[in-house]
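Note sheet for the following structure.
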Amino acid sequence: MKARQFFINTLILTIGSLVLRLIGIGFSAWLSRKIGAEGMGLFQLVFSVYNLASTLATSGIYLAVTRLVAEEIGKGSYAAANDAMRKCMIYGLLVSTAAAAGLWFAAPFVGETLLSDGRTILSLRILAFALPFMAFSCSLRGYFFAVRQVYKTNTSQIFEQLVRIAVVSIGFVFLLPGGLEKSCAAIALGSVGGEALAFCYTLALYLRDRKKRAFIPQKHPGTTRKVLAITVPVALSSYLKSALVTAENILIPRGFRRYGADTGSALAQYGMMEAMVMPILTFPAALLTSFSSLLVPEVAESNATGQKRQIDRLTSKVLWATILFALPVTAAFICFAEELGLAVYQSSESGHMLRVLAPLVPIMYLDTVADALLKGMDEQLSVLRYSIIDSALSVVLIYTLLPVFGVNGYITVMFVSTFINAALSISRLVQVIEIRFSLSRWIVRPLFSVTLASMAAISLTRGWSCPAALAATGKIGLLFLCDFAFLLLTGVLTPKEVLNMAKRVLPENGGKWVFKKRLPVES
């Protein structure tokens, strides 16, 4: 029953994540046609600083709520979970208000001096108002993950995106003629509106859920210490990590300018890489992101109750499944990059860049899953330490390579930093969890299968004449079907395994899903 519940939550979260990513890619494509690649680069610069401010406002809150609420519920103490939730929200209010004030007053210095573009100041000041709403939403979403009600998180995030798009669309009517500065301000207004209304919606869901759970509110000694033990180290490490990432994002367009590009071309190159290519590259990871998010409370609860062998089995299965999923995704990006670039952005150049970066996919996806497993094992500081090492190395490489090699230097930086981060995370995971690895079943036969699947998909679709979006969807779908068939033929997957998995996750009782609410026992 637990496997079925996990599958249902993963399915719900995956569908929501895919919808969010589709909305995001569609929105980016629409924005790129409205404001061009230079505008996308300016927009990305603003949001690189905003991401730093949002890290200051929210770091550690989501993880603290998810971990502590899941652990206390696992022990049967909802009152302690509620106390942790309350104190996390107080912490979020304090740090987010400070971050919002800092962003507002620092905006002129940041825009003129650090970003070397005064057009960013207005957008930065508008975005400051979104930070308190974001911090509260982090606490509420962490709570719903901990109690396994992921659909509520999904609906709030989709609502946030739709509000954002609506506000931006209305804002463009009045602000787009004012140039790129006003256009970015419209995008910032959309973000504030989305965060504010999503918070109101999520808060209403949270208050409704509280009424269903009978408990006596009470303070628990040690809760504050537990909250701070997670939030403070994670926050401090995240601040450094985010500062390095922001420096990295600022140095990229500067590096392109030093290479010889003018300001517009530098922003255009930066915008294409960060705001256009990377969203497509990470789009299929919606499934893995869903798994990863759900793994944190699952592993935390198992770890708190001493179920080490269960964690070992789960980790091995998840890493193996990640490889099986990442390989055909990589093959699809390599084989059909042009169709994807034309379908989404009407740009063959973005398709070419997608093909170049495609080999990063297995490394990125494994790193995502490994980080989630480590966080569930109370190894979040290790994850942040490795991220800081990765970002520091990236800053050094960007500063030295981009002015000399341009785009090729940027690609080199991405490969080096991604590989090092993943290698560090996986090596630490091997130290804390026993992983049952098989070279043949994990690497050799899956590589053979995906190679044959790619050749078959290319051969069967040669000469197709249809719109780019339809062609890309059909060819990629065919590649995945062929890969699944070859995985069965090579014995990587067996019919018995597929049937057993289906039995564990398919509906019971005449085709109806069975949901069992587990209300925690009060301590």
**Request:** Considering only the stretch 485-494, state which residues are open to solvent by less than 70 Å² (accessible area, probe 1.4 Å), closer than 15 Å to R441 by Cβ and in a helix (DSSP H, G or I).
**Result:** F486, L487, L488
**Prompt:** If a residue has to be surrounded by fewer than 21 Cβ atoms within 10 Å (Cβ to Cβ) and either among the basic types (K, R) or without any contact (Cβ under 8 Å) to a residue 60 or more places away in the chain (or both) to count, how many in the stretch 64-106 make the cut?
**Reply:** 13
**Fill in**
Reported set for the stretch 419-478 where residues are hydroxyl-bearing (S, T, Y) and touching an Asp or Glu at 6+ places or on another chain (Cβ under 7 Å) is S425, S449
**Prompt:** Of the residues S391, S387, which is crowded, with 20+ Cβ neighbours inside 10 Å, within 19 Å of N249 (Cα to Cα) and within 15 Å of the chain's Cα centre (by Cα)?
**Reply:** S387
**Complete:** Taking the stretch 423-437 and keeping only residues that are aliphatic (A, V, I, L, M) and either open to solvent by 70 Å² or more (accessible area, probe 1.4 Å) or in contact with a strand residue (DSSP E or B) (Cβ under 9 Å, 6 or more places away or on another chain) (or both), one is left with V430
**Matching entry among R208, R141, R148 (being at pLDDT 80 or above, surrounded by 16 or more Cβ atoms within 10 Å (Cβ to Cβ) and either of a type in the set (A, V, I, L, M, F, W, C) or under 27 Å from A81 (Cβ atoms) (or both))** = R141
**Asked** Quick one: is T120 touching a helix residue (DSSP H, G or I) at 6+ places or on another chain (Cβ under 7 Å), surrounded by 24 or more Cβ atoms within 10 Å (Cβ to Cβ), of a type in the set (V, I, T) and in a helix (DSSP H, G or I)?
**Response** yes
**Request:** Considering each of A268, A247, A304 in turn, give the residue that is modelled with pLDDT of 80 or more and open to solvent by 10 Å² or more (accessible area, probe 1.4 Å).
**Result:** A247
**Message:** Can you go through S440, S465, S382, S454 and tell me which one is within 30 Å of V234 (Cβ to Cβ) and either loosely packed, with under 14 Cβ neighbours inside 10 Å or among the small types (G, A, S) (or both)?
**Reply:** S382
**Message:** If I go through the stretch 394-409 residue by residue, how many of them are farther than 19 Å from L240 by Cα and buried (at least 21 other Cβ atoms within 10 Å of the Cβ)?
**Reply:** 1
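A quick yes/no check of all residues on (1) at pLDDT below 90; (2) basic (K, R); (3) assigned to a helix (DSSP H, G or I):
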{"residue": "L447", "(1), (2), (3)": "no, no, yes"}
{"residue": "T451", "(1), (2), (3)": "no, no, yes"}
{"residue": "M455", "(1), (2), (3)": "no, no, yes"}
{"residue": "C466", "(1), (2), (3)": "yes, no, no"}
{"residue": "A472", "(1), (2), (3)": "yes, no, yes"}
{"residue": "D483", "(1), (2), (3)": "no, no, yes"}
**Item:** Where a residue in the stretch 446-464 is on the phi < 0 side of the Ramachandran plot and of a type in the set (F, W, Y) and its partner, wherever it lies, is part of a helix (DSSP H, G or I) and surrounded by 14 or more Cβ atoms within 10 Å (Cβ to Cβ), with Cβ under 9 Å and at least six apart
**Value:** F448/F486; W464/A471; W464/G474; W464/K475
**Complete:** The residue from L20, L42, L52 that alone is part of a helix (DSSP H, G or I), within 23 Å of A198 (Cβ to Cβ) and either out of contact with any Phe, Trp or Tyr (no Cβ under 9 Å at 6 or more places or on another chain) or modelled with pLDDT under 80 (or both) is L20
**Request:** Go through the residues of the stretch 128-140 one by one and say whether even a single one is of a type in the set (A, V, I, L, M, F, W, C), in a helix (DSSP H, G or I) and more than 21 Å from G60 (Cβ to Cβ).
**Result:** yes
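The values are calculated or read from the model by the stated rules, or taken from the named source; none is laboratory data. Predicted model, so just to flag it, every value in this text is computed and none were measured. Heads up, the Cβs are rebuilt from the backbone with ideal geometry, glycines too, and the neighbour counts pull from every protein chain shown. We work out accessible area using only protein heavy atoms, side chains counted, and drop any ligands, DNA or RNA first. Shrake-Rupley method; radii C 1.70, N 1.55, O 1.52, S 1.80 Å.
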